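The values are calculated or read from the model by the stated rules, or taken from the named source; none is laboratory data. In this text the structure is predicted, and so the values were computed from the model without any measurement. Virtual Cβ from ideal backbone geometry, glycine too; neighbours counted across all protein chains shown.
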Amino acid sequence: MTPIRICLLWHGLDSGNLGVRALTESQLHLVSLAASTADRKVTFEIVGWAATESVGHFKSMGVAQVTRVTARSMVRSDGVRGAFRRCDLVLDIGEGDSFADIYGAKRLLYFSLTKIFAIWMRRPLILSPQTIGPFSRWWSLLLSDLCLNGATYVFPRDELSRKYLESRKLRVRFSEIVDVAFALPYEKVAPVKDGVARVGINVSGLLWAGGYTQQNQFGLSLDYPALVRRLVSHFVSLPNVEVFLVPHVISDPSIIDSDSGACKALATEFPQTKLPPPFEGPSSAKSFISGLDFFVGARMHACIAAFSAGVPVVPLAYSRKFKGLFNTLGYSPVADCQSQAEQDVFELVLRTYQDRALAATQIAQGNDIASKRLATYVHMLSEEMAKL
């Protein structure tokens, strides 16, 4: 087998955001499959917001090195550019949804400049399945077009992102796939047949705080904390129902976007609720979620964990990435918290809970679509690796 080294740009294996880790672990699995098909022996270098540059137990996953993105590492020749120099191919997943301007100009500049470095250094740059946009400012549109046109291939993970790429009339090749986290391994928890319905509510610390600006950064049309309190109050009042408050960003409660902090605060307010055991990683979180009967969440990868495990779920969308992804899979019970009133969202959750069988049928069909699309992604990656 011919050895190659692949840079996994904007991935992370030590992030408190289990969604980023789910993307990374799933990507490692899928890229390894593609490398085997292409008869390549692959090692990985991870570049992103790493908390540490230690490889540690990630060696068992084929990770040889980790490079932290900082202002210093962006300007040093042995920093981010050094990582690209050591690699044969750059796979940029953009943390799933960060190649956009909704999180602010500074974040977009980091995510764009790293792409430009790879292009300048003539490294094949593939944008792995992710949301593309939105870009609402003239300069972010031009910057994103520059990055996209310099890529070898772009894989939007949803229909809306694909349509956006079509509208820009770019010269880059692109194919719509789906989020790679549908491939995240987990251990299915068998449902307990004791007549008790187990309901999971993922509380987003980011939305609870009003976004990073704490001033309704995402333009929600409703009061998110009030909606969550109303949902918790309703489900704990039902007979034979257990309510679990499920975090998917595990961090110090003092950090503004900490789900664990928001869940603990809400558990104090509603002592009838339960907190799950500590998650070791995204797979253990998905395994826990797989044992629930119903799920509501505002973290998209918590919702993907439920969906891909066959659990009826109502995603609470705060950006177009939700509707783009779940509409692509033919799944209709998705709440739009940027346009719907609190009462409408509340009623949607209750209707979906009552008709969980219908939701489960849509989920089974959606998972079949996701499986086929990920097989296409692996095939196309193997073709690109064979060209190296």
(message) Looking at 25, 53 in this structure, which one is part of a helix (DSSP H, G or I) and under 28 Å from residue 256 (Cα atoms)?
(response) 25
(message) So, in region 330-349, exactly how many residues are at pLDDT below 95 and surrounded by 16 or more Cβ atoms within 10 Å (Cβ to Cβ)?
(response) 0
(request) Select, from 330, 324, the only residue that is at positive phi and either in the same structural domain as residue 296 (by TED's automatic domain parsing) or touching a His at 6+ places or on another chain (Cβ under 7 Å) (or both). (result) 330
(request) Output the number of residues of region 210-243 satisfying the condition of being under 16 Å from residue 265 (Cβ atoms) and crowded, with 20+ Cβ neighbours inside 10 Å. (result) 6
(message) Can you tell me which residue is farthest from residue 111 (Cα to Cα) among those in region 51-92 that are of a type in the set (Asp, Glu) and within 23 Å of the chain's Cα centre (by Cα)?
(response) 53
(request) Among the numbered conditions (1) touching a residue at least 40 places away in the same chain (Cβ under 8 Å); (2) over 20 Å from the mean Cα position of the chain (by Cα); (3) crowded, with 18+ Cβ neighbours inside 10 Å, tell me where residue 22 comes up short. (result) (2)
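Every residue, every condition in (1) farther than 17 Å from residue 19 by Cβ; (2) in contact (Cβ under 8 Å) with a residue 60 or more places away in the chain; (3) polar (S, T, N, Q), yes or no:
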{"position": "246", "(1), (2), (3)": "no, no, no"}
{"position": "250", "(1), (2), (3)": "no, yes, no"}
{"position": "256", "(1), (2), (3)": "no, no, no"}
{"position": "262", "(1), (2), (3)": "no, no, no"}
{"position": "266", "(1), (2), (3)": "yes, yes, no"}
{"position": "269", "(1), (2), (3)": "yes, no, no"}
{"position": "274", "(1), (2), (3)": "yes, no, no"}
{"position": "277", "(1), (2), (3)": "yes, no, no"}
(request) Considering only residues that are modelled with pLDDT of 95 or more and in a loop (DSSP other than H, G, I, E, B), look in region 188-204 and name the one that is farthest from the chain's Cα centre (by Cα). (result) 203
(request) Please specify each residue of region 115-139 satisfying the condition of being closer than 19 Å to residue 13 by Cα and either in contact (Cβ under 8 Å) with a residue 60 or more places away in the chain or surrounded by fewer than 16 Cβ atoms within 10 Å (Cβ to Cβ) (or both). (result) 128, 129
(request) Could you tell me whether residue 314 is within 17 Å of residue 203 (Cα to Cα) and touching a Phe, Trp or Tyr at 6+ places or on another chain (Cβ under 9 Å)? (result) yes
(request) From (1) in contact (Cβ under 8 Å) with a residue 40 or more places away in the chain; (2) more than 23 Å from residue 338 (Cα to Cα), pick out the condition that doesn't hold for residue 234. (result) (2)
